[in-house]
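Shown next, in structure tokens, is the structure this report addresses.
Since every read-out is calculated from the coordinates, none of them should be taken as a lab result. Source: prediction; values computed, not measured. Heads up, the Cβs are rebuilt from the backbone with ideal geometry, glycines too, and the neighbour counts pull from every protein chain shown.
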Amino acid sequence: MEVVKDNCAYLSNYEVLQLLKEVNTLDSKQNRQVNLRTVAYEASKYLEGTPCIHQSKEQIQKLMQALVPYNLTKIEKLQILNSCPTTPVEIQLIVEDAEERLTEEQVNGILKIIADSIPIPRPTGESESDGGASN
Amino acid sequence: MFVLAEMKHAVRIPPWNFNLKLTEAVVKELNKKLANTVMLNVGLCIMVFDIMKMEESYIIPGDGASHTKVHFRCVVFRPTIEEILVGKIKSSSREGVHVTLGFFDDIVIPPESLQHPSRFDEGEQLWVWEYETEDGKHDLFMDSGEEIRFRVTAETFTDTSPMMSPGGIPLKNDAASSSGATSDNETSKSMIPYLLTMEKAHNAVVFLMTGIHMDTGND
């Protein structure tokens with residue numbers, strides 16, 4: 001095994017989940033590879049807990065185009081896509097030197113773009129029970 | 001996050017897979033070899049992404065299998081340094097908090113990277129963040145199974161392949177050669193091939209509240 005290039009492209013969580021779904025649809029007789037099945041199952045379970053299950057190809061394109069004017073790096077945009085921040089503090093964590101590079105309005109603009117292009121249905125029941133537990 | 005890594009490998013296809021199409025057989029062999037394994041300085045390999053180029057297949061005398069040199073790309077889990085991830089707390093010990101992503105477990109938050117001030121509760125065997133507010137100190141317990149947001153600060157790759165002498169012959173342990181193999185296995189198991197070191201995303205108080213069960217009342 002020889003590694004030519006250890007990082008030739010980045011994949012979004014959405015793309016990985018689509019690939020893993022294909023593996024998971026193969027039935028166990030066709031797919032006797034235990035390692036592949038294990039990692040595909042566990043990784044897709046992890047990814048299903050992230051916002052990427054609500055995404056589609058068109059939404060991602062829309063989001064990426066809308067983020068162009070903010071001069072974010074590729075990795076920052078990818079992290080925004082993968083984690084779909086909903087609060088300003090999340091943006092400040094992802095974007096390096098956010099205080100200098102982005103104004104408060106710009107941060108709110110990014111949040112609005114994310115909310116507009118990738119609407120995430122909020123499970124109301126879950127957040128209520130969370131609130132109850134912490135009191 | 002996930003990345004693609006470009007690799008090449010001479011794939012050996014055993015005769016009982018000759019009924020498959022060559023590409024199918026190659027992908028199958030590569031997945032068998034790569035899936036769910038950590039490659040040194042590459043990351044955790046998930047699966048083959050695509051095949052870029054296949055060279056001519058050849059047969060070696062004395063072996064019924066065919067060998068094909070394949071250039072391919074592989075989906076690899078390799079978080080970038082400074083990346084923010086969300087995981088679940090697997091366990092806590094004096095050495096820090098161990099976090100799991102479900103498919104990847106070797107994540108540790110050392111005590112010095114936890115919020116300040118934090119202490120280790122011996123009774124509960126949990127880390128506690130002593131969060132200060134105007135009306136006193138609150139103990140925030142980091143319970144196992146809770147979600148936690150953290151930042152990747154370092155990655156450590158350890159070569160866990162069997163020890164090789166310069167001639168390529170596996171080095172034997174002092175013990176008898178038959179038990180040598182098993183003890184080799186054990187040592188390589190206890191070594192962690194790919195370790196991510198984290199700190200809690202400390203300026204994100206808002207998130208931590210979701211990750212930590214709050215203990216405000218009785219004491």
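For this structure, a couple of remarks:
- Cα-centred dipole magnitude for region B:1-158, charges only on beta-carbon of K, R (+1) and D, E (-1), debye, nearest 20: 1300 debye
- For the peptide A:6-19, the mean number of other protein chain Cβ atoms found within 10 angstrom of a residue's Cβ is 5.
- Calculated mean residue ellipticity at 222 nm for chain A: -19000 deg cm²/dmol, from DSSP H runs with n ≥ 4 weighted as -39500 (n - 2.57), summed, divided by the residue count and rounded to 500.
- Simple rule: put +1 on each Lys or Arg Cβ and -1 on each Asp or Glu Cβ in region B:2-77, find the dipole, and look at B:S66, B:F77, B:P15; the Cα lying farthest toward the positive end is B:F77.
- Within region B:1-54, the proportion of C-alpha pairs whose separation exceeds 13 Å stands at 61%.
- With a simple spin-label model that places each label point 7 Å from the Cα along the Cα-to-Cβ direction, the separation between B:S93 and B:D50 comes to 4.4 nm.
- Nearest-20 debye value, region A:54-117 charge dipole, Cβ charges on Lys, Arg, Asp, Glu: 400 debye
- Peptide A:36-47 - average C-beta neighbours from other chains (10 Å radius): 6
- Taking the alpha carbon gyration tensor of chain A, multiplying each eigenvalue by 5 and rooting it gives semi-axes of 31, 22, 14 Å, largest first.
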